[in-house]
Amino acid sequence: MSAPIIEVNGLSKRYQLGHFGMSSFREESEKWMRRLRGKPPLDDRAPPTEREFWALRDISFSINPGEVVGIIGRNGAGKSTLLKILSRITEPTAGEIVLRGRVASLLEVGTGFHPELSGRDNIFLNGAILGMKRSEIASKFDEIVEFAEVRKFIDTPVKRYSSGMYVKLAFAVAAHLEPDILIVDEVLAVGDMQFQQKCIGRMQEISRGDGRTVLFVSHAMTTIRRLCKTCIVLQGGRLHGIYPAEEAIDHYNQNVGGTVLDLDTENLPRAWGSTGEQARLVRIRTVNTRGLFFGEPASIEFTIRVRTALTGAMVGIAFNTIEGGRIMTLDSDASGDTLDLQPGLHTVTLALPSLPLSPGRYYCHAAIGRGRHMCDIIDNFALWEVAPGGQNDWESDRSFGGCRVRSLVTHESLPPGAQ
Amino acid sequence: MPPSPTASNPPHTPIEIRIRPRAGWLWLDWRGLVEYRDLVFLLIRRDFVSKYTQTILGPLWAVITPVITAVVFATVFGRVLGVSTDGVHPQLFYLCGLLGWNYFNMTLSATSNTLRSNYGLFSKVYFPRLAVPVALTLSNLSTALVQLLTFSGVFVFLVITHPGEIAAQPTWMVLALPVLFIHLGALALGTGLILSAFTAKYRDFQHVTPFILNLLMYVTPVIYPISKIPEKWRWVAAINPVSPLIEGFRAALLGTQGFHLSYYGLSLLITVVVFFVGIGLYQRLARDYVDYA
């Protein structure tokens, strides 16, 4: 076994809180003068522990060559800080990292793109910024252009590109880096669905085919599950542990489950001036606490507080894609049956034998009403993730996307010669 | 895609990068800079293209501005105010002074904002941070060389159109021009890096830099010869590291007598100090300024 390609020992990073960095020259010089005269500094009213914040505390791990490792954790867990230090954008406060190989980090696509330069010039400039030599870029130039699908516009300044073309070109350059260690932030969350698939495919190629070591930060558990075998779980700046991907995702889900899959909606802002006076959605949760899985049974439970009796009522939930298009609605009166709700608390559950939403993240909206009249509407009460289902994972890999429902299939073989 | 070991990274030379908090000040990543030389050239190109795209005259602007400035100076300072040029034709005198001064001015202005204006880049990807200011210095050098050609053109033109009237002529010091350019570039880069480090931390300095440059032009013999400074104020010119360089350009191109080796020696000393302090400060700041900038 060769030495680990990444070794992290006791890594810590401290940030100063408050007005640090915004201090003016005058304040700073006063501080210096006081120090020179041997007086204690002025502004230490708060004890130092309250003015500093440890984004990372004593992180240690090592990664072997060829591993594809995800880094997951809630917002503020220290993922970005860890990436920044690994990418040498900022320095650790304590500890040490040893990287045994060429590193390229992708914290953003298209870093350093210049709008006035042509696509061709930007490929070279961006490649050089990411650490490639001119000759390397030249040898991969055609591949890059092919991947980005912009051959016709290669000598046009990129400021005239559509945003889609721009992102594709930027990713194409990055995708053709050949470092030993590739560090990727959630850059894949750009572009249309199809392009995202292409990017993920390319990432799989890089990691599986070429045996590169990849560190990958994402909130999208679907992508993590597809790309990574192991995951580093961070929590509050500390290392929670390193687990196989499935186990790590469970840890992550437990970690965020309380806030994501079970929501107290009592005080969320209401849409369209709907008051929620007569009837109010106070809690929405998935009945399966592990989450939502493509192709598996799903139940969503609404808790409703009713002030004055509401007859002929319906409860509904709608799912929008990240891009904002509505992709699915469920409402309780779709079958024609309405609800009669007396004052008091009620729960209504909508259950599906097989969740048709393909894996991805969806913004959820909920409403309660009667006919056309809406009593309570909550827009964007959650961003729910639908994970790939257990048995038929190939179905999500095939990824026609969207909403996959069963249809009645009839088949007839036509006689030869029939039109 | 088949795995292909890249030219820069043959399998038998293991790379090892250690990341840890650094304590020293004068840590100079020359090797990194050499490794990223392609980036430096591409940045020079970027600077050039972005300066001149969608302009009709393009690089001609590098010719036009100093010529017009020299004409205005010759009119205002020569005709109206009657400032002496030590017997040198005013056009040539000012054009020559501006040649050096413009290079210093442009390089310093450009580099003094490096950390602030490249925050978006520096906070997303690592490369030797010196690549950007070094590229700026070199791209301005190419502009300065264009201006040197302009100067030569104007010189020849005046000699032909005013036969016998132009007493000025280049001396053997022309051979030292490369040294003067490098010296001036290093001084501008060093000062720019110091100011860049300060500007990253205290925004006050973004107001200070143009202001200092404005004033500095008046205490530097750009629009007057050093010989016209009264004896008791001569020390001001002596401690100003830019003056002997401007006078050096004149001595080389016009054969004036304002260049003194002792002043030049002091300037060289100051430049070396400023250059290394600048690199030290800049790299110190570049290490983690993204945390608070």
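The values are calculated or read from the model by the stated rules, or taken from the named source; none is laboratory data. On a predicted model such as this, the values are computed, not experimentally measured, just so you know. Note: ideal-geometry Cβ built from the backbone for every residue, glycine included; neighbour counts use all protein chains shown.
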Which numbered condition B:ASN105 misses (of (1) within 14 Å of another protein chain (Cβ to nearest Cβ); (2) buried (at least 17 other Cβ atoms within 10 Å of the Cβ); (3) in a helix (DSSP H, G or I)): (1)
Residue count for region B:210-249, restricted to those that are within 17 Å of the chain's Cα centre (by Cα) and surrounded by 21 or more Cβ atoms within 10 Å (Cβ to Cβ): 12
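Considering region B:258-267 alone, what residues qualify as being within 22 Å of B:GLN169 (Cβ to Cβ) and exposed (fewer than 13 other Cβ atoms within 10 Å of the Cβ)?
So the first thing to find is which residues in region B:258-267 are within 22 Å of B:GLN169 (Cβ to Cβ), and the list is B:258-261, B:264.
Residue satisfying the conditions is B:LEU261 alone.
Identify, please: which residue in region A:286-321 is of a type in the set (D, E, K, R) and more than 24 Å from the chain's Cα centre (by Cα) and is, among those, nearest to A:THR349 (Cα to Cα)? Please lay out each step first, then the result.
Going through region A:286-321, the residues of a type in the set (D, E, K, R) turn out to be A:290, A:296, A:301, A:305, A:307.
Cutting the leftovers down to more than 24 Å from the chain's Cα centre (by Cα) gives us A:301, A:305, A:307.
Working: A:GLU301: 4, A:ARG305: 14, A:ARG307: 20 Å.
If we take residues in region A:286-321 being of a type in the set (D, E, K, R) and more than 24 Å from the chain's Cα centre (by Cα), then A:GLU301 is nearest to A:THR349 (Cα to Cα).
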Tally of residues being out of contact with any Lys or Arg (no Cβ under 6 Å at 6 or more places or on another chain), within 13 Å of chain B (Cβ to nearest Cβ) and not in a loop (DSSP other than H, G, I, E, B) across region A:52-87: 8
Residue that is nearest to the chain's Cα centre (by Cα) [pool: residues in region A:337-374 that are surrounded by fewer than 18 Cβ atoms within 10 Å (Cβ to Cβ) and polar (S, T, N, Q)]: A:SER354
Filter result (more than 10 Å from every other protein chain (Cβ to nearest Cβ) and surrounded by fewer than 14 Cβ atoms within 10 Å (Cβ to Cβ)) within region B:29-58: B:TRP30, B:ARG31, B:VAL34, B:THR55, B:ILE56, B:LEU57, B:GLY58
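Check every one of the strands (runs of 3 or more DSSP E) wholly within region A:339-379 and list those with 3 or more residues that are under 16 Å from A:ARG283 (Cβ atoms) and in the same structural domain as A:MET328 (by TED's automatic domain parsing). Even if it seems obvious, please write down each step before you answer.
Numbers: elements: A:339-341, A:344-352, A:360-370.
It comes to A:344-352, A:360-370.
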Selection count where residues are under 14 Å from B:ARG45 (Cα atoms), within 7 Å of another protein chain (Cβ to nearest Cβ) and in contact (Cβ under 8 Å) with a residue 24 or more places away in the chain, scope region A:88-122: 3
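Take residues that are surrounded by fewer than 19 Cβ atoms within 10 Å (Cβ to Cβ) and tell me which of the helices (runs of 4 or more DSSP H) falling wholly in region A:96-191 contain 2 or more. Lay out the reasoning, then the answer.
Details: elements: A:119-129, A:134-148, A:163-175.
Counting at least 2 such residues, we get A:134-148, A:163-175.
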